[in-house]
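**Q** Please find one structure pasted underneath; my questions will follow.
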Amino acid sequence: MQNATQNRHQRLHAVLYMCIAALLFALALIYCRYQQVFTVKEIRVSGNRELSEKYITRTSGIKRGAGMFDLDLGAGVKRLIEEPYIYNVFISRQFPDIVNIHVIERNPIVRIDLRDTYVLDAFATVLPLPRSYSIDTLPVIKGVDPDLALEPGRQTYHPDIRHAINFFNYMQRYGETIRGYCRHITWAEDRGWIIRRNNAYPPVYLGSEQLEKRIDILHAFISKMKEEDRDMRNFKYVSLRFNDQVIVRD
């Protein structure tokens, strides 16, 4: 009987201590809010290149002076993800008064000249023309239906464009050896895909099938030319369209 009474008293004391602790915590929060301890004083933006810190901060909807506990971080992420140049974003609180916004931007890898000029990333997402660097540095896709309408912020599922993006992505594994030879990417109905560094170099006819395999062959061929100290510019054209062969015309 005595043990039961002692246990009941211990439980009551524990509950009382928990209530006092919760009350003190609540009072501390009220005091901190009153003193504006947990209010946003600084917003730090990282990972951006094309988009300005000011634009990212404004788009997120997070404002200095807002309560740290009142922030809807999910809504801020959703607003930023709708921006075409943002692939992903992370927003976090850093107590007592800092909000961190880290963005992962989409990077244009090619441009395409239709009636208007667009740039695309590695996922064939159409992006507004960049302001942070010149589009003249990007490889260009030509020969696609000029009347095709593309919508910035959306992926394009046009088969020719996705075809070009896919084999251009594959070329990245060989670095500048092959990527540098792909400054101009042209679709021709009778010859398939044609790539070219510039007018001083011969066009390379890839065809329309087994492009990854043909790129492997092209890399081996260009590497062999370098080993033999032979200049690709001495050829009129290079064709890889037939039976895994490299056909050149001097």
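**Q** If one takes the longest principal axis of the Cα atoms in the chain, at what angle in degrees, from 0 to 90 and to the nearest 10, does the Cα axis of helix 211-227 lie?
**A** Helix 211-227 and the main axis of the chain meet at about 70 degrees.
**Q** Nothing charged except the Cβ atoms of Lys and Arg (+1) and of Asp and Glu (-1): what's the magnitude of the dipole of the range 42-105 about its Cα centre? Round to the nearest 20 debye.
**A** 100 debye
**Q** Could you calculate the contour length gain from R233 to Q94, that is, 0.36 nm times the residue separation minus the distance between their Cα atoms, to one decimal place in nm?
**A** 44.3 nm
**Q** If you build a Gaussian network model of the chain, linking Cα atoms that sit under 10 Å apart, which residue out of M68, M18, M171 swings the most?
**A** Residue with maximal mean-square fluctuation among M68, M18, M171: M18.
**Q** Could you work out, for the range 110-249, what percent of all Cα-Cα pairs fall into each 5 Å distance bin, beginning at 0 Å and stopping at the bin that holds the largest distance?
**A** Spelled out per bin, shortest first, that is 2, 9, 20, 23, 19, 13, 8, 4, 1, 0.
**Q** In a solvent-free Debye calculation with one equal scatterer on each Cα, what is log10 I(q)/I(0) for the chain at q = 0.15, 0.16 Å⁻¹, listed in the order of the q values?
**A** The Debye formula, applied to the Cα set alone, gives -1.04, -1.11.
**Q** What list of whole percents do you get for P(r) of the range 42-105, with Cα-Cα distances grouped in 10 Å bins up to the one holding the largest distance?
**A** Percent of pairs per bin, in order: 23, 61, 16, 0.
**Q** For the range 170-250, what is the convex hull volume of the alpha-carbon atoms per residue, in Å³?
**A** 91 Å³
**Q** Sticking to Cα atoms, compute the Rg of the range 136-213 to one decimal and its Dmax as the biggest Cα-Cα distance, whole number, in Å.
**A** Computed over the Cα atoms of the range 136-213, radius of gyration and Dmax are 12.6, 36 Å.
**Q** To continue, here is another question. Cross-link list K142/K236; K213/K236; K78/K213: which exceed 31 angstrom alpha carbon to alpha carbon?
**A** Long pairs (Cα-Cα over 31 Å): K78/K213.
**Q** Using the crude model of +1 on Lys and Arg Cβ and -1 on Asp and Glu Cβ, and no other charge, please compute the dipole size for the chain relative to its Cα centre, in debye to 20.
**A** Around 780 debye, computed over the chain.
**Q** Right, here's the next one. Which FRET efficiency, nearest 0.05, do R79 and T177 yield, Cβ-Cβ r, R0 35 Å?
**A** The computed FRET efficiency comes out at 0.25.
**Q** Along the Cα→Cβ direction, 7 angstrom out, place labels at M18 and H102. What is the inter-label distance in nm?
**A** 3.7 nm
**Q** Among 161-169, 87-95, how do they line up from the highest to the lowest mean number of other beta-carbon atoms within 10 Å?
**A** Ranking the peptides 161-169, 87-95 by packing returns 161-169, 87-95.
**Q** Can you compute the label reach from D72? Point 7 Å from Cα along the Cβ direction, backbone N cut-off under 19 Å, restricted to the range 79-94.
**A** What the label zone holds, given the 19 Å backbone N cut-off, is 79-83, 89-93.
**Q** Another one. Taking a virtual spin label 7 Å from the Cα of R191 along the C-beta vector, which residues in the range 226-244 bring their backbone nitrogen under 13 Å of it?
**A** Under cut-off, by backbone N: 236-241.
**Q** Mind checking which of P146, P203, P130 has the largest fluctuation in a GNM of the chain, springs on alpha carbons under 10 Å?
**A** Fluctuation is largest for P146.
**Q** Given the DSSP H assignment, sum -39500 (n - 2.57) over each helix run of at least 4 residues in the chain and divide by its residue total; what's the result at 222 nm in deg cm²/dmol, nearest 500?
**A** -11000 deg cm²/dmol
**Q** Within the range 40-57, which residues have the backbone N less than 15 Å from the label spot 7 Å out from Y133 along Cα→beta-carbon, could you tell me?
**A** 48-51
**Q** Here's another thing I want to ask about it. Between the range 41-65 and the range 85-156, how far is it from one alpha carbon centroid to the other, in angstrom?
**A** Here the answer is 19 Å between Cα centres.
Laboratory data are not the source of any read-out in this text; all were calculated from the coordinates shown. All values reported here derive from a predicted model rather than from experimental measurement. So basically every Cβ, Gly included, is an ideal-geometry build from the backbone, and we count neighbours across all protein chains shown.
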